[in-house]
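A quick write-up on the structure given underneath.
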C-alpha cells in the first residue's frame, strides 16, 4: 500500500454524509489533505486526517480547468512519489493519471475495504450513496458489485 494517501474533497463529503468517514481510517490509517480541501469539506476533521501545506505551486497550472480542491490534491500527491490519490471527478482523475499518479475513487475505496475485511458487503453502502446527490450510474454500480463479487 502507498505510504501517503491524499484525498480530494468529494470522497470526504460523501463518506461524511453517509456516516462512513471512519472507513477511510480503517482502510488507510492516515489521510493527507490540503487547506483548500479542508475549506471545501467545511467540517471538523478527525486526528487521522492531516492538513499539509503544499511545497510547490503546481496547483496553479491545474486550476484553469480543475476546481481548487482537485488541483491542490493532485499537487500534493505529486509531492509524494508513489502516493495514492482518492478523487472522483473524471477530469481530475484523467489529469492525475497523465501525471503518473495512482488514483482510486470513493467506490474503489468500498471495494478495497471489502477486500481487506472492513466491510462484509458494499451493496448497503451503495444504497446509502444513492440517497445522496452523488451521481453514480447503474452501469458503474454493476461494475463495482461485480468487482466486489456481489453481482
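See the values below:
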| item | result |
| --- | --- |
| Which of 90, 13, 74 has the fewest Cβ neighbours within 10 Å, and the rest in rising order | 90, 13, 74 |
| Two-site FRET efficiency, residue 55 against residue 97, from Cβ-Cβ distance with R₀ of 22 Å, rounded to 0.05 | 0.50 |
| Calculated P(r) of the chain - Cα pairs past 21 Å, % | 41 |
| Average Cα contact separation per residue, the chain, under 8 Å, 6 or more apart, as relative contact order % | 25 |
| Order of 56, 104 - criterion: other Cβ atoms within 10 Å of each residue's Cβ, fewest first | 56, 104 |
| Residues 134, 15 arranged by fewest to most Cβ contacts within 10 Å | 134, 15 |
| Residue 138/residue 3 FRET efficiency (R0 25 Å; Cβ-Cβ; nearest 0.05) | 0.10 |
| Approximate spin-label separation residue 63-residue 43, in nm, with each point projected 7 Å along Cα-to-Cβ | 2.6 |
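Laboratory data are not the source of any read-out in this text; all were calculated from the coordinates shown. Since the structure is predicted, the reported quantities are computational estimates derived from the model, not experimental observations. A quick note on method: Cβ atoms are made from the backbone with ideal geometry, for glycine too, and the neighbour counts reach across all protein chains shown.
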